[in-house]
Amino acid sequence: MSNLPLTPDEFTPYIHKGVWERYDELSYRRLKWTLGNFSAIFVTACIAALIGLAQSQCWALIRYIIAQYTKSPRLPDDSTPDPLLELSQGKAIVSTMLVISRRISILFDKIYGLFRAEACHARDARALDDPVESPWFGFASILNISFFLVMGVAIPIWLTEGVLGAPIVKSNIWEECLSTRAISHWPERLNRETRADEIFHVCRDNLNGGCDSAYYLSVPKITKWRSMKCPFTGNICLNNTPSFEITHWNISTFEMGVNSRSKLLMSRRLTCAPVSIDPFLWKFENRSLIYILKGYYGSKYKLRKNDTLILSTMNGPNKFSSENSGLHMVNENGPHDITLLPDVCPGLLELNEFLQRDNGQSFLVINRAGRQYYPEVVNDPFFAAHSQLSSRLPGGPGFSDVYPFIPDHEATALGCVEQFQYCLPESPLSKSCTDWGACEEPFWVMFHHLATQFPGGFNGNISASVFEQWNGQVAWSLKEMQASFRAAFHIFGVHRYLRQRISVHQMIPLTEWGRGPLFQDNIGFDVDREPWVVEVETWFMKAFLNGILAVQDGLLFPLVNLEPHGFSSEYMRDWKSCGRILLRNGNFTNINWIGLWVTVVSFTLICLIGNQIDTIHGVFESNCKVPI
């Protein structure tokens, strides 16, 4: 479990304290009253006190009802109060216990005793000592006490969120956020981008370590699939290695961390497979380069960083060279890094036909191992190491010298395809989901589908007052696409996650398998699956957590800019991210607002009726008397 704070302390002043509506909940649980923990304890104590008071008053009501069927023997002109209406719960229980014990004793005597006259006489004497009160008073008293004891514990727990874990709270609207623009805060965003990696680092990047689960508002719906079919049209996948597909289905605004009426859903998918670099490899001077665009015209072509990687060798053994490039990089202490090609959404770029996908964003993840040592053979295609070093390396304290294994090539690669899809289950359109697509393509398809439902026709003038007043599921979803989903494929995308870690933060986004104690740069793969598959899944989950944390930052600065569209201040207040971010925070407690009032009214009514039962009884008796 992560020992990092669930939410930064700087978020606390921006949490809304008061009553608010959470749109994903059922109607009777939607209204939440968010309080600080100490205030919530006081409110809960008051509820418990009210339940305790209601218990004593409920006994007066129960006692009155039973007394109507078990009248005490009284003279006709006796005006004193009926003693049964003064019976306490304790006396009723004691009296009932005596009756029960005597009945048990009599039964015991009948079974095991001697049938003598003295025994029968004793039993008769005991029977005459039975109390006047009906045992039903005692039974009712026990049930009454037990019921209210259970309610005194269950109701406060049912009403509150935060007793069993950090509750989901909402951010508070604040004026500076309404007037600021998202673009003006990009330095702060960059400084906060690596928090997902820091959280996973606590669990040494173990996906089952639980470090990330506390940040999820709901359990992600994720499926995994292995297929022998290559995800690319070209024959570039390595033989006998099935591809790995992981899909995150139906991400709602709530799962992202946004409080919204919209039921629009986004799904994301990543499919990867180990691929051969040879189809993208070209000779370059006395070295080689990896070029992923369509066509290469030699050294005269201007090489760009985002689509080209120059290697230090021919990456042999391959079609160009029989040299062991992995050994060469170990001896030369070559670079150890991860490269993303292309490092931008292709857009108008025309990728190599072997890599091109019309319904997804294709890219290569290239691993240059550099000087890496492995204690045993690695049969993984992304970290392949089958050559054993001829010289021994000294082991660490308590370990003998070893002959480590080294990488097969200078560079290996994974070919990946990232896809997005948008669905609106309650859409009036004939097709509720878009096709899977790359980058923002499916976003704009869904956007224009929903825009066609705009009353009077959609002409792009989204600042019109008619648009702001337009309501309904289609309207809310279209507005939400502008307010949050427009940034979703960026902040939840694996391609962007890798690009930012590599290009901006100068990180090597590989799982921390754990440095071995034998010698420097020793890597061990302590996993139960292929290491490359675990890498892909880790990227996928880190990108998701990265997106959630980026959405949380929306309470400090807006996710997207709404200002250029000329919306009114009321619309901005309703739809800007500042006041709509959902997150967990253990410094607060939520109380079910409707449930609170139902509880207060119900038990107050019991108290009033129980307290006035004598008056009610007197009125009833006076009305029932027949005048002489």
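Select from region 23-59 the residues that are under 24 Å from MET256 (Cα atoms) and not in a loop (DSSP other than H, G, I, E, B) and list them in ascending order.
SER27, TYR28, ARG29, LEU31, LYS32, TRP33, THR34, LEU35
List pairs: first residue in region 50-73 and in the same structural domain as GLY610 (by TED's automatic domain parsing), second residue at pLDDT below 80 and among the charged types (D, E, K, R) anywhere in the structure, Cβ distance under 9 angstrom, at least six positions apart or on different chains.
So the pair list comes out as ALA60/ASP614; ARG63/GLU86; TYR64/ASP614; ALA67/ASP82; THR70/GLU133; LYS71/ASP82; SER72/ASP82; SER72/GLU133.
Out of the residues in region 240-270 that are in contact with a Phe, Trp or Tyr (Cβ under 7 Å, 6 or more places away or on another chain) and polar (S, T, N, Q), state the one that is surrounded by the most Cβ atoms within 10 Å (Cβ to Cβ).
Of everything passing the filter in region 240-270, SER262 is surrounded by the most Cβ atoms within 10 Å (Cβ to Cβ).
List the pairs whose first member sits in region 412-440 and is under 30 Å from HIS386 (Cα atoms), whose second member is of a type in the set (Phe, Trp, Tyr) and part of a loop (DSSP other than H, G, I, E, B), and whose Cβ atoms are under 7 Å apart, counting only residues at least 6 apart or on separate chains?
THR412/PHE382; LEU414/PHE382; GLY415/PHE232
On the given criteria, is PHE603 buried (at least 17 other Cβ atoms within 10 Å of the Cβ) and either within 21 Å of the chain's Cα centre (by Cα) or in a loop (DSSP other than H, G, I, E, B) (or both)?
Taking the combined requirement at face value, the residue does not satisfy it.
Please give the number of the condition ALA543 fails out of (1) at pLDDT below 95; (2) buried (at least 20 other Cβ atoms within 10 Å of the Cβ).
Status for ALA543: all satisfied but (1).
Between ASP337, ASP380, which is at pLDDT 90 or above, among the acidic types (Asp, Glu) and in contact with a strand residue (DSSP E or B) (Cβ under 8 Å, 6 or more places away or on another chain)? Steps first, answer last, please.
Working: ASP380 fails: in contact with a strand residue (DSSP E or B) (Cβ under 8 Å, 6 or more places away or on another chain).
Going through ASP337, ASP380 in turn, just one is at pLDDT 90 or above, among the acidic types (Asp, Glu) and in contact with a strand residue (DSSP E or B) (Cβ under 8 Å, 6 or more places away or on another chain): ASP337.
Which residue out of ALA411, ALA487 is crowded, with 23+ Cβ neighbours inside 10 Å and at pLDDT 80 or above?
So the residue among ALA411, ALA487 that is crowded, with 23+ Cβ neighbours inside 10 Å and at pLDDT 80 or above is ALA411.
Here are some conditions: (1) in contact with an Asp or Glu (Cβ under 8 Å, 6 or more places away or on another chain); (2) among the charged types (D, E, K, R); (3) outside any loop (DSSP other than H, G, I, E, B). LYS283 meets all but one. Which one does it not meet?
With (1) in contact with an Asp or Glu (Cβ under 8 Å, 6 or more places away or on another chain); (2) among the charged types (D, E, K, R); (3) outside any loop (DSSP other than H, G, I, E, B) applied to LYS283, the lone miss is (1).
With aliphatic (A, V, I, L, M), surrounded by 15 or more Cβ atoms within 10 Å (Cβ to Cβ) and modelled with pLDDT under 85 as the only criterion, which of LEU555, LEU596, LEU559 stands out?
LEU559
Which one of these is small (Gly, Ala, Ser) and at pLDDT 75 or above: ALA49, ALA92? Give the steps one after another, and end with the answer.
Numbers: ALA92 fails: at pLDDT 75 or above.
It is ALA49.
Looking at LEU309, LEU289, which is the one that is under 20 Å from ARG496 (Cβ atoms), out of contact with any helix residue (DSSP H, G or I) (no Cβ under 7 Å at 6 or more places or on another chain) and hydrophobic (A, V, I, L, M, F, W, C)? Spell out the reasoning first.
Details: LEU289 fails: under 20 Å from ARG496 (Cβ atoms).
One residue alone meets the criteria, LEU309.
I'd like to check something: does region 415-430 contain any residue that is at pLDDT 90 or above, buried (at least 22 other Cβ atoms within 10 Å of the Cβ) and out of contact with any strand residue (DSSP E or B) (no Cβ under 9 Å at 6 or more places or on another chain)?
No - not one qualifying residue is present in region 415-430.
Each row is one residue, and each column tells you yes or no for (1) within 17 Å of the chain's Cα centre (by Cα); (2) touching a residue at least 12 places away in the same chain (Cβ under 8 Å); (3) part of a strand (DSSP E or B); (4) on the phi > 0 side of the Ramachandran plot.
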| site | (1), (2), (3), (4) |
| --- | --- |
| GLU198 | no, yes, no, no |
| ARG204 | no, yes, no, yes |
| GLY210 | yes, yes, no, yes |
| THR223 | yes, yes, yes, no |
| ARG226 | no, yes, yes, no |
| ILE246 | no, yes, yes, no |
| GLU255 | yes, yes, no, no |
| SER260 | yes, yes, no, no |
| PRO279 | no, yes, no, no |
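Specify the residue that is surrounded by the most Cβ atoms within 10 Å (Cβ to Cβ); the eligible residues are those in region 158-194 that are part of a helix (DSSP H, G or I), of a type in the set (A, V, I, L, M) and touching a helix residue (DSSP H, G or I) at 6+ places or on another chain (Cβ under 9 Å). Steps first, answer last, please.
Residues of region 158-194 part of a helix (DSSP H, G or I): 158-159, 175-179, 182-192.
Narrowing further to those that are of a type in the set (A, V, I, L, M): 159, 178, 182-183, 190.
From what's left, touching a helix residue (DSSP H, G or I) at 6+ places or on another chain (Cβ under 9 Å): 159, 178, 182, 190.
Details: LEU159: 23, LEU178: 16, ALA182: 18, LEU190: 12.
Ranking the candidates gives LEU159 first.
The values are calculated or read from the model by the stated rules, or taken from the named source; none is laboratory data. Quick caveat, the model's predicted, so the values are computed rather than measured. Counting neighbours? That spans all protein chains shown, and the Cβs are built from the backbone with ideal geometry, glycine included.
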